[in-house]
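Written out below as C-alpha cells is the structure these notes cover.
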Amino acid sequence: MGFLSAKLLPSCESMCVCCPALRPSSRRPVKRYKKLLAEIFPKTPDGAPNERKIMKLCEYAAKNPLRIPKIAKFLEQRTHKELRAAHVSFVRIITEAYSKLLFICKEQMAYFAISLVNVLTELLESKQENVHILGCQTLANFINSQVDNTYARNIESLVRKVCALSHQQGEEHRLLRAASLQCLSAMIWFMKEHSYIFADFDEIVKSVLENYRTEESVVGGDRHASQHNWVDEIARSEGRPGIGGGNDVNISSATVRLRPARNSSALTRDERESPEVWSHICVQKLAELAKESTTMRRVLDPMLSYFDTKKQWTPRHGLALLVLSDMAYPEKSSGNEQLILTAVIRHLDHKNVSRDVQTKSDIIQTATSLARQLRSRGYAAELVVAGDLCKHLRKTLEAVELGSVEDLNSNESLQNFLEDCLMEVVRGINDVRPLYDMMAITLENLPSIPTVARATLGSLLILSHIISLTSASSNTPMVFPEALLQQILKSMVHPDIDTRVGAHHMFSAIIVQGPSHLRSESEYLYETKKQSRNTSVFASATALLEKLRREKDSLSSDKPRNMMHDDVKERNTHEEDNKYVWSQKNSAYFSKLIFSIIERYAKLSSSVEEANIAMLTEDQTNQLLSAFWIQANQTDNTPFNYEAIGHSYSLTVLSSRLKNSSNSNIVQFFQLPLSLQSIALTPSGVLPASCQRSIFILSTSMLAFTGKVCHITELSDLLRCFTSPKVDPYLRIGEDLQLYVRLHSDLGSYGSESDQEVARSILSDCRTKVGINDQRVLDVIASALSSFSEMDRDVLAKELTEMFTPEEMPLFGSNSVLDWANFNGQAFSDESLSFDEVGCLH
C-alpha cells in the first residue's frame, strides 16, 4: 500500500497522514514471538545455540498460551526447511526448543503436541543418523512428560520406527541404538503408568533383547568369563566343583544376578551412550510392568519366543537365564515373581520346543536356577509348577522306555534335569499336603495302558522320594494322607504287574520320612557324582527298625558282634542282589528308578538314624492288611510282587506301633500270614503251585518279622527251618527277616511246568513240617500276645486259627476297581469273584 500511495496517489501521502497503509512495511512493529523465534537461531549454521533466548521464548509462551500454536507452526515449518538443507545444528536447536516447551508449558501441551508429533515423525524418517538420535531423545522427553494416555495412539504410531532404528548393527551405530533404547524405555514406562499396552509390544521386547544380544556379542566373552569365574568361586567356597568342573555341573548351580537395579536419571555419560545399560533398564521396567498375572504373561510370551528362535536357552552362553534373572529381581517387588517360573515350565509345551529334547533340557536348567533364586528371596513356587514338572517327567519316562537307543541318552539327561528342578521347587514348599492331594488326583485317573501307567506312577514315585528327602520332619509324626492311601491301594491292584510293584514302592517312599533338617546349599545336588552306597528305601527301613529296637531295649542290643556283622554283610549282599536283579527288564522298572534317585541325591539324605516312619490310623492299617490279602492271592504275581508286598507289610507293622495298638489290630497282623500260609499249603488249590510256594515264603517272612517287632524270640526259632534256600529258588528271607528276590534267579522260568512240579514237591515237604510245629507256633504267639494285652490266651488262640477276613470297603467293591482287577482263579473260588464276595467268604 505504501508503494501505491507514493507512486500512483502522491497526493494521498500528504493528505491522509493517519492511514496505516501509507507506512512502509519495514517500519511496522514486529510480533515479539517472531523476534524471539528468530533470535534462538545463530546467524551461521555453525554457530552455537542461544540457550538464554530459548528459555525466553518458552517463558513467553507460558505467559501467552494463545501464541503457542503459532510458535509450534513456525518451528514445524522451520524443521522442514532445515532438514531439506541438511542443517543438523538448526534441527538440534528446534528439538531443544520443543524439549524446553515440554518442561515449562506442560499444562499447555495440547497447543503444540500434534505439531511436535509431526516433527518427530519427520525426524525418525530422515536418512541422517544424527537426526534419528535427536528424534529418539525428543520423543523420550515427550513420552516422559505425559500425564495421561491422551496421546497414546500418536506415540504408538512411532513404535515401529524406533524399533527399526534399534536394530542397526555395528559399533558405529552404538549411539543410535542407545538413543532408541532410551526411547523404548520411556515407552515401557508409559505403558506401566497408564495401563496401556501398545499393539507392537512384541517388537519392543524383541528390540530390547536384540540389543542385549548385540552387546553380548561385542563384550560377551569377557562378561561371560567373569560371570563364570564368579560362579566357580561360589562353588569352590561351598565345597563343590564349578562350571568348569565337569559336564554334570551347570550354571544353574548358583544364583545368577546380573547387576543391581539402575536409576536412569543417575547415569554417567558413558552409561547413557551404552545400549547394554539401556537394555538392562528396559528389562527392569518390563519387570515393573508385569505387576499382574495377565501382564506378566504378556511380557514373558515374546521373551520366551525370542529365546526359542534365537537359541538363547543355553545356561552357559544364552540370554534366557540372565534376562529372566533380571525379571525376577525388579526394583519394586510386585509379589508375582514366581509367575516367571510358572511360565517357563509351561513353555515346555510350546510348539517351538515340545519336540526338541536339548532345548527342553536347557529350559529346565534355567528354571532350576530361577527356582533357587525365588526360594532364596522367600517366594514359594506355585503348586502347579510341581504338577507340570511331574507331567513332563511322566512324558520323559515314557519316552525313555519306548524311545530308540539313539534318543536314550538325551531323554535320560532331560529326566535328570527335571528331577533337579522338581527338587528345587519342592524345597521351597513348606506345606506338602497339597502335593499329596495332587498325587491322589493323578492316581485316581491312572490309565490301564501299562507303559503310561508305569510312567505316571514313576513320576509320582520320584516326587514322593523328593518330598521325603527335602521336607523337614516335626516332633509329631505325620499321619499318612488318607486320600492318597486310597488311590495307592487302588494302584496296588492294577492289571499291570509292574505298576502294582510301583505302587508299593510309592507307599514305602511316603511312609518312610527322610532327613529331619534341611541341609546347607553346599550339601545339595550340584556336585560331581561320587560313588555312594546305594541304599534302597527298604534297606533304610530295615536299618530304622534296628535303631528303634535299640532305643526300646530290644533283643538286638544283646546280639553278638558277629551277628551284627552278619546283618551288615546281609544288607550289602542284598544291594548286590538288587543291582543284578534290576538289570532285568520288566519288574526292575521302579526299582531301577529308586536306585537312580537315591544315588543322585545321596548327599541330600541324612543318615538312616534321622529317618522316621509316618503313622497309620487303625482304619488305614486294616485297609492295608485287606489289600495285602487280595494282592497276595492274584494269579499273575511275580517274585517282585511278593517281595513288594512283604516290604509294605513290614513298614505297616513298624508304622502301627503294635505295642500301642488295639488287641484286634494285633491279632490281625498274625492272622493274615497264618491265613496265607493255610492257603499256600492247601492241596490242589486253585492257585498255581508256584504261586502257593511264593505265598508260603511270604507268609513265613511276615510271621517272623512281626514276631521280631513284638519280641517273640521263640517264633523266629520255630520258623528257621522254612528260611532254607531250598524252599523257594526265586525268593529268600534275609537275616533281617525281609523277603528278597534271589540273586541270579532265572525269573523267566517262574511258573513253568518244571517249576510247578518242583513247587508241588516243596509244598508237600512244607506241609509235613508245618503240621509238626503248627500248634506250637499258635501257642507261642497266643502266649506272647496275652502277656501285653487284656485278652485271654485261649481266646487269642481261637482267633488266630480263624481265616483272615478282608475288610469290606467301597474301594474294593467299586465298579472301577472291578474293571481294573481281574481275580480269575483266586483261591477263594473257581470263578471270578468281586472284592465284596471275597470279604464274605470267610
Relative contact order of the stretch 628-698 (C-alpha contacts under 8 Å, at least 6 apart) in percent is 43
With every protein chain kept in place and a 1.4 Å probe, the stretch 28-166 has an accessible area per residue in Å² of 51
Contour minus Cα-Cα span, Glu757 to Ala85, at 0.36 nm per residue, comes to 231.1 nm
In terms of the alpha carbon gyration tensor, root eigenvalues a ≥ b ≥ c, rounded if a/c is under 1.5 and otherwise prolate when a/b exceeds b/c or oblate, the stretch 334-374 is oblate
The equivalent-ellipsoid semi-axes of the stretch 34-171, taken as the square roots of five times the Cα gyration tensor eigenvalues and listed largest first in whole Å, are 23, 20, 12
Subtracting the Cα-Cα distance of Thr713 and Leu66 from 0.36 nm times their residue separation yields 222.1 nm
For the stretch 744-800, the percent of accessible surface on carbon and sulfur atoms (probe 1.4 angstrom, ligands and nucleic acids excluded) is 48
In nanometres, the difference between 0.36 nm per residue of separation and the alpha-carbon distance of Phe788 and Ile449 is 117.2 nm
With a ≥ b ≥ c from the Cα gyration tensor eigenvalues, square-rooted, and the rule rounded for a/c under 1.5, otherwise prolate when a/b > b/c and oblate otherwise, the stretch 416-486 is oblate
Per principal axis, largest first, the Cα atoms of the stretch 143-210 extend in Å by 37, 22, 17
Expressed as a percent, the accessible surface of the stretch 373-482 that is carbon or sulfur, using a 1.4 Å probe and the full set of protein chains, is 52
For the stretch 666-738, the percent of accessible surface on carbon and sulfur atoms (probe 1.4 angstrom, ligands and nucleic acids excluded) is 53
Given 784-797, 102-115, the highest-first ranking by average Cβ count within 10 Å works out to 102-115, 784-797
Taking every alpha carbon pair in the stretch 305-378 and sorting the distances into 10 angstrom bins from 0 up to the bin holding the longest one, the percent per bin comes out as 19, 55, 23, 3
Rounded to whole Å², per residue accessible area for the stretch 739-790 with a 1.4 Å probe reads 52
FRET efficiency for Thr682 and Lys351 from the Cβ-Cβ distance with R0 = 51 Å, rounded to 0.05, comes out at 0.30
Rounded to the nearest Å, the spacing of the alpha-carbon centers of the stretch 100-171 and the stretch 622-660 is 76
In order over the stretch 189-200: 3J(HN,Hα) from phi, Karplus 6.51/-1.76/1.60, θ = phi - 60°, whole Hz, x for each Gly or Pro, gives 4, 4, 5, 5, 6, 10, 6, 9, 9, 5, 5, 9
For His167, the accessible surface traced by a 1.4 Å probe with all protein chains present amounts, in square angstrom to the nearest 10, to 60
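The values are calculated or read from the model by the stated rules, or taken from the named source; none is laboratory data. The structure presented is a predicted model; accordingly, all values stated were derived computationally and were not measured. Note that we place each Cβ from the backbone using ideal geometry, even for glycine, and neighbour counts take in every protein chain shown. Just the protein is used for accessible areas: all its heavy atoms, side chains included, with ligands, DNA and RNA removed. Shrake-Rupley method; radii C 1.70, N 1.55, O 1.52, S 1.80 Å.
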